[in-house]
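One structure below.
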Amino acid sequence: MLFGQKLHPLNFEYGRQIAVRKGAIEVAGRSFQARITCAEITPHCTRLRFENSHVADSRNYSDAVVEPLRAGRAVAPQRGSPTFSTAACTIEVGAARLKIRLASGATLETTEDGFGFNGEKAIFCFQTATATGYYGFGERTKRFNKSGDSLDFYNVDVGAVFPHTFQRDDYDPAYVAIPLAIVRAGGHCFGLFMDNPERLIFDVGQIAPGQLLCQSLGGNNDLYLLDGPTLRDVVRHFTTLTGRAEVPPLWSLGHHQCRWGYKTAAEFRALKENFRQCDIPVSALWYDIDYMDEYRVFTWDRVDMPDPRKLNEELRRAGIRSVAIVDPGVKLDPSYAIYESGRKADVFCKTASGRDYVGRVWPGDSVFPDFPTPAARDWWAGHLATFIAESGLDGAWLDMNDPATGWSCPEDMCFEGGTAPHAKYHNQYGHFMARASRQALEQLDPHARPFLLTRGGCTGTQRYSAIWTGDNASNWEHLRMSIPCTINLGLSGVAFNGPDVGGFFGHTDEELITRWYQAGFLFPFLRNHSTNHTKEQEPWNFGPQCLARIRDAVVTRYRLLPYLANCFFAHHLTGDPILRPLLYEFDDAAFENLDDQFMVGASILVAPILECSAVCKSIFVDGVKRQQRYITLPEGWWFDLLAGEWVAGGRTLLYSACLDEVPLFIRDGSILPYFPGKFQNSAMKLTRIELHTFLKERSAQLDYYIDDRETRRYLTGEYNTATIRAEIVGPEVALHLAETGPLPPGTVKFAPVLYGGASATASLTQQGRRVTRQLAPATRRWVGTDVAVRA
Ligand code: GLC
């Protein structure tokens, strides 16, 4: 089936006879027999399994759900009735209809002919006439709310499949398949997750307005029902089911620099020097494919890169980490040791004819590790671990694993020694590559926090790797799109993600790169990356003013790293994403479509300028051109950092910002942990933290997580929680800090900084000691700038 095509509901047969038998409900038609079983997975999640007699292989190939939740508790139909009841919902199965009533109040029904089969293919047509929002769906282009859209789940190398769409932002599918639909109807949210690794399509009102169609092209279908009622509830339940990212190493939350075309050790030394001279922090430099010996994975070009280990040690001394790309395509070359070792170990994917499958990627003819098998993962992990250790690298970048196979037909690639058809693992190829690569990092040091970045992935990949959103373009449409894309990926469980800042294809310019850094400076992942033969995109290529603007944005990110790192820690505990739509924090229909502004954590609202000054409405103030945009502020008070004053929310404002500025608002009742000290790129010790406190009418509470920032010991409870409460008491802001946990208390020293001028005095009580500070009112433009007195 081609992209853009779908399954027509009229080509399916829907059930007519129904029987309750042996703990299951059987539905049959002339052409099929289906068996439906139910399991309670958690108190908020129920699974319905649809087994179709036409699917000969009943094995579940999916690695989406975390191991402990795979079985669930079997729930039999109620006596004498085709109804299942779990803690999260009641499901009534009719001959051709499903009626679902979720505990939180939402109801969902299929249409009259609502679930049907056509050979191996299955279709589910739900009535969603009252739905006003559809979210999630993994990595997607276009807008945040997918109402009226159609979404295909089949990972592709976008550049190869849709070469004409770089100027547009509407290609579909992309590199990551996560078939999660979060539906908002009547103010309630609930989730439908179709766990089937084969190609699926969700159509949310394009074929039939007011209907949600889930279509699967093969295999059996596990439908997980996730209860709400809020967006936050659904995301938390979904990430309980499919896992959450571990807390990343601190350096990986910094600023990254990459470009396809960096080739020699001298270039990397020059980059290090340029970042130092330009005074722009950079936490990692990235090696794209040109570091390799003719694109042979796990090799270095020894002419251009004579001693990578020495180079990486040099970078590390400057606080700069290094990450190298590794592609799955292994050059088919009998004189190449890695190829020979894989061939001998018989770990490459096969065709139906029993030969090693050959694709055509960077090294020319290439074979591909059969990642779904433990043997291939062990083989890959062994080589990757050796390569990382010998090269002194800090992480790996997993690319072309959608899988990209060039002009060679990917469907010829079979798995598990040629026994599993391509469709079973196509969407999971990048995921299993990430799993194998994670094994390598754990092999090297089981205690260190791993860092991997992948392009291809599927549900659950966040357990192993961060994701970047692939080859975008240097234009305003792609900048604009990066916000809903990162947000929907976050709602789909992948909190640690981001786009190529500045855009990959095409030439960026001073204005676009400035606005992109300003929009992206608090994205979970921040990497400047571009393709070769385009305008050089490092921050110093656009003149001194632009450099200063980028510096402001990047330095502010570093100052706020304790805040970001804390969001990541909280994500690990709760599933809450880093970048959030306003709807996540403010459950109000007014925010159902809002995607040109966003929250970072619960406190910071970013409303970047996303239009070029040539088209954006502008005004001149004191001779300076300012771009205008509308900003919606939810109810309550917001501290406007550009104006340095409180503004009332519950309204939409026409706002303006010159090229130096990004509109930033802090929610009343916020405490932002802020790093005031010295640092050199990624080398920073978070032992002194300022508590930037924004109180107008609300009190605030922050749970700040403290651990060693380097190891995975927090996974076994080795972290403290500093709970800071701030309230206005008469003329003073009082902060109370209580630290709990197994680590010695007091390793982090806190000091308050007040914003907003409501009070001039802050007192901080820590371990029974009360310290009072006189504070000057602050501040302008960025969090932390121009704060005159720090406690
Ligand atoms: C792919 C990647 C891109 C990388 C290029 C060369 O297009 O998506 O990021 O620079 O390959 O390796």
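Hey, among Asn52, Asn155, which residue is within 16 Å of the ligand (Cβ to nearest atom) and crowded, with 20+ Cβ neighbours inside 10 Å?
Asn155
Where the second residue is in a loop (DSSP other than H, G, I, E, B) and of a type in the set (A, V, I, L, M) and the first is over 26 Å from Phe451 (Cβ atoms) and lies in the stretch 461-481, which pairs have Cβ atoms under 8 Å and are six or more apart or on separate chains?
Within 8 Å, the pairs are Trp476/Leu610; Arg480/Leu610.
Filter the stretch 88-123 down to the residues that are free of Cβ contacts under 8 Å to residues at least 24 places away in the same chain and closer than 23 Å to Gly72 by Cα, then identify the one that is surrounded by the most Cβ atoms within 10 Å (Cβ to Cβ). If you could, list the steps in order and put the result at the bottom.
Looking only at the stretch 88-123, we keep the residues that are free of Cβ contacts under 8 Å to residues at least 24 places away in the same chain, and these are 90, 92, 97, 99, 101, 107, 109-110, 112.
Among the residues that remain, those that are also closer than 23 Å to Gly72 by Cα are: 90, 92, 99, 101, 107.
Working: Thr90: 16, Glu92: 18, Lys99: 15, Arg101: 16, Thr107: 16.
Among residues in the stretch 88-123 that are free of Cβ contacts under 8 Å to residues at least 24 places away in the same chain and closer than 23 Å to Gly72 by Cα, the one surrounded by the most Cβ atoms within 10 Å (Cβ to Cβ) is Glu92.
Collect the residues in the stretch 376-396 that are more than 16 Å from the ligand (Cβ to nearest atom), closer than 15 Å to Asp327 by Cα and not hydrophobic (A, V, I, L, M, F, W, C), keeping them in residue-number order.
Arg377, His383
Across the stretch 357-372, which residue is nearest to the chain's Cα centre (by Cα) among those that are crowded, with 20+ Cβ neighbours inside 10 Å and not hydrophobic (A, V, I, L, M, F, W, C)?
Pro372
Could you go through the stretch 175-186 and let me know if any residue there is modelled with pLDDT of 95 or more, closer than 27 Å to Arg232 by Cα, in contact with a helix residue (DSSP H, G or I) (Cβ under 9 Å, 6 or more places away or on another chain) and within 16 Å of the ligand (Cβ to nearest atom).
Scanning the stretch 175-186 turns up at least one residue that is modelled with pLDDT of 95 or more, closer than 27 Å to Arg232 by Cα, in contact with a helix residue (DSSP H, G or I) (Cβ under 9 Å, 6 or more places away or on another chain) and within 16 Å of the ligand (Cβ to nearest atom).
Please verify whether Tyr295 is aromatic (Phe, Trp, Tyr), within 14 Å of the ligand (Cβ to nearest atom) and surrounded by fewer than 22 Cβ atoms within 10 Å (Cβ to Cβ), treating the condition exactly as stated.
Yes.
Checking Ser62 against (1) free of Cβ contacts under 8 Å to residues at least 60 places away in the same chain; (2) assigned to a loop (DSSP other than H, G, I, E, B); (3) not β-branched (Val, Ile, Thr), which test does it fail?
Every condition holds for Ser62 apart from (1).
Look at Val662 and say whether it is without any contact (Cβ under 8 Å) to a residue 24 or more places away in the chain and closer than 28 Å to Gln597 by Cα.
Answer is no for this residue.
Please verify whether the stretch 346-361 includes one or more residues that are modelled with pLDDT of 95 or more, in a helix (DSSP H, G or I) and among the acidic types (Asp, Glu).
no
Under the condition of being within 16 Å of the ligand (Cβ to nearest atom) and hydrophobic (A, V, I, L, M, F, W, C), which residue from the stretch 492-515 is surrounded by the most Cβ atoms within 10 Å (Cβ to Cβ)?
Only one residue tops the list, namely Val501.
Please pick out the residue among Asp412, Asp399, Asp445 that is touching a residue at least 24 places away in the same chain (Cβ under 8 Å) and away from the ligand (no atom under 16 Å from the Cβ).
Asp412
Please determine, by comparing only the residues of the stretch 516-539 that are hydroxyl-bearing (Ser, Thr, Tyr) and surrounded by fewer than 23 Cβ atoms within 10 Å (Cβ to Cβ), which one is farthest from the ligand (Cβ to nearest atom).
The selected residue is Thr534.
Taking only the stretch 448-482 into account, find how many residues are within 22 Å of Tyr61 (Cβ to Cβ) and either hydrophobic (A, V, I, L, M, F, W, C) or within 14 Å of the ligand (Cβ to nearest atom) (or both).
6
If you go through the stretch 9-38, how many residues are touching a residue at least 24 places away in the same chain (Cβ under 8 Å) and part of a loop (DSSP other than H, G, I, E, B)?
7
Tell me the residue from Val297, Val323 that is closer than 20 Å to Gly430 by Cβ, at pLDDT 95 or above and assigned to a loop (DSSP other than H, G, I, E, B), please.
That would be Val297, the only listed residue that is closer than 20 Å to Gly430 by Cβ, at pLDDT 95 or above and assigned to a loop (DSSP other than H, G, I, E, B).
Any residue in the stretch 267-291 that's in contact (Cβ under 8 Å) with a residue 12 or more places away in the chain: show its pairings with residues that are within 15 Å of the ligand (Cβ to nearest atom) and of a type in the set (Gly, Ala, Ser) at Cβ separation under 6 Å, as long as the two are six or more apart or on different chains.
Tyr287/Ala324
Select from the stretch 579-628 the residues that are more than 30 Å from Gly187 (Cα to Cα), in a loop (DSSP other than H, G, I, E, B) and out of contact with any helix residue (DSSP H, G or I) (no Cβ under 7 Å at 6 or more places or on another chain) and list them in ascending order.
Residues satisfying the conditions are Ala614, Val615, Cys616, Lys617, Asp622, Gly623.
So Tyr262 passes all but one of these: (1) within 16 Å of the ligand (Cβ to nearest atom); (2) in a helix (DSSP H, G or I); (3) touching a strand residue (DSSP E or B) at 6+ places or on another chain (Cβ under 9 Å); (4) not polar (S, T, N, Q). Which condition number does it fail?
Just one mismatch for Tyr262, condition (2).
What number of residues within the stretch 54-78 are polar (S, T, N, Q) and modelled with pLDDT of 95 or more?
So the answer is 1.
Tell me the residue from Phe496, Phe521 that is of a type in the set (Phe, Trp, Tyr) and more than 24 Å from Val615 (Cβ to Cβ), please.
None of the others qualify; the one that does is Phe496.
I need the full set of residues from the stretch 266-285 which are more than 16 Å from the ligand (Cβ to nearest atom), surrounded by fewer than 18 Cβ atoms within 10 Å (Cβ to Cβ) and assigned to a helix (DSSP H, G or I), in order please.
Listed by number, the residues that qualify are Ala266, Arg269, Ala270, Glu273, Asn274, Arg276, Gln277, Cys278.
Answer with yes or no whether Arg47 is surrounded by 15 or more Cβ atoms within 10 Å (Cβ to Cβ), under 29 Å from the mean Cα position of the chain (by Cα) and either at positive phi or of a type in the set (D, E, K, R) (or both).
yes
Can we say His237 is in a strand (DSSP E or B) and either polar (S, T, N, Q) or under 17 Å from the mean Cα position of the chain (by Cα) (or both)? Steps first, answer last, please.
Details: in a strand (DSSP E or B): no; either polar (S, T, N, Q) or under 17 Å from the mean Cα position of the chain (by Cα) (or both): yes.
No, not satisfied.
Only one residue in Glu727, Glu635, Glu690 is among the charged types (D, E, K, R) and in a loop (DSSP other than H, G, I, E, B), so which one is that?
Of Glu727, Glu635, Glu690, the one residue that is among the charged types (D, E, K, R) and in a loop (DSSP other than H, G, I, E, B) is Glu635.
The values are calculated or read from the model by the stated rules, or taken from the named source; none is laboratory data. Bear in mind the structure is a predicted one, so any value in this text is a computation, not a measurement. Note that each Cβ is placed from the backbone with ideal geometry, even for glycine, and that neighbours are counted across all protein chains shown.
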